[in-house]
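The values are calculated or read from the model by the stated rules, or taken from the named source; none is laboratory data. Note that this is a predicted model, so its numbers are computed, not measured. Positions of Cβ are backbone-derived with ideal geometry, glycine not excepted, and every protein chain shown enters the neighbour counts.
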Amino acid sequence: MTWLVFDYGGVISQHTQAIPAMAAHVGASAEAFEPGYWSEREAYDRGQPDLDYWRAVCAHVGVDVDEKLSADLTRMDIEGWLPTDDKTVKLLDRLAGAGARLALLSNAPSSFGRVAERQPWAERFTHLVFSGDLFMAKPDVEIYAALVGKLGARAADCLFVDDRQTNVDGAVAAGLAAHLWTSADELADTLVRFATCS
């Protein structure tokens with residue numbers, strides 16, 4: 001039984017364009033806000049509560065964050081990551097139509113996961129795994145082991161695609177087959193072949 005395992009950000013989704021709006025919402029420039037957004041992100045992906053994350057981010061620009069502001073920023077952040085890449089979604093349709101077993105492994109906070117689960121593209125997937133729910137993240141070997149356990153599969157029967165080489169390397173270290181994501185056009189044939197070889 002083979003599985004195709006997709007990353008989300010930069011693979012299924014476009015990269016967020018919401019950072020300038022979030023910065024403006026807290027009265028900061030995007031240039032001042034963005035470094036904190038990314039530097040504090042790993043803890044958020046590993047299960048840090050929304051409020052704690054936004055307090056850490058906004059400390060970089062000298063802004064105090066209460067529950068309401070945290071909720072606003074969380075909503076804006078989630079919305080920023082929702083737009084999908086049309087070609088990737090069409091590829092998911094093609095793979096699902098060919099009988100491929102699809103799973104998702106995303107470094108993402110739990111709050112995003114609950115919204116992502118309700119998106120139309122999610123219907124193509126049998127399993128959706130978000131790092132924030134597991135308190136671990138790619139490229140840790142442990143998260144790939146947790147994924148494989150959830151799928152009830154052998155690691156070697158899973159092909160993982162991600163747009164970050166470090167996450168591809170982590171998957172390989174855990175025994176999965178893995179490819180660096182470049183585009184739906186470039187990887188379509190490889191994924192279809194893997195999905196239909198079982």
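Given the residues Asp50, Asp64, which is the only one that is closer than 17 Å to Phe33 by Cα, surrounded by fewer than 15 Cβ atoms within 10 Å (Cβ to Cβ) and not small (Gly, Ala, Ser)?
Checking each option against the conditions leaves just Asp64.
Leu91: surrounded by 16 or more Cβ atoms within 10 Å (Cβ to Cβ), hydrophobic (A, V, I, L, M, F, W, C) and either outside the structural domain of Gly10 (by TED's automatic domain parsing) or touching a Cys at 6+ places or on another chain (Cβ under 7 Å) (or both), yes or no?
no
Which residues, counting only those in the range 37-64, are without any contact (Cβ under 8 Å) to a residue 40 or more places away in the chain and in a loop (DSSP other than H, G, I, E, B)?
If the condition is that a residue be without any contact (Cβ under 8 Å) to a residue 40 or more places away in the chain and in a loop (DSSP other than H, G, I, E, B), then Glu40, Pro49, His60, Val61, Gly62, Val63, Asp64 are the ones that fit.
Which one of these is crowded, with 20+ Cβ neighbours inside 10 Å and more than 16 Å from Ser13 (Cα to Cα): Gly152, Gly132, Gly97?
Every option except Gly132 fails the conditions.
Scan the range 11-29 and tell me whether some residue there is small (Gly, Ala, Ser), closer than 17 Å to Asp163 by Cβ, crowded, with 17+ Cβ neighbours inside 10 Å and modelled with pLDDT of 95 or more.
The answer is yes, given that some residue of the range 11-29 is small (Gly, Ala, Ser), closer than 17 Å to Asp163 by Cβ, crowded, with 17+ Cβ neighbours inside 10 Å and modelled with pLDDT of 95 or more.
Within the bounds of the range 180-194, is there any residue that is of a type outside the set (Val, Ile, Thr), modelled with pLDDT of 95 or more and either touching a Pro at 6+ places or on another chain (Cβ under 6 Å) or part of a strand (DSSP E or B) (or both)?
Scanning the range 180-194 turns up at least one residue that is of a type outside the set (Val, Ile, Thr), modelled with pLDDT of 95 or more and either touching a Pro at 6+ places or on another chain (Cβ under 6 Å) or part of a strand (DSSP E or B) (or both).
Pick from the range 172-186 the residues that are in contact with a strand residue (DSSP E or B) (Cβ under 8 Å, 6 or more places away or on another chain) and touching a residue at least 40 places away in the same chain (Cβ under 8 Å): which of them is nearest to Tyr8 (Cα to Cα)?
So the residue we want is Trp181.
Residue under question is Trp81, and the condition is that it be surrounded by 15 or more Cβ atoms within 10 Å (Cβ to Cβ), within 16 Å of the chain's Cα centre (by Cα) and of a type in the set (Phe, Trp, Tyr); does it hold?
Answer is yes for this residue.
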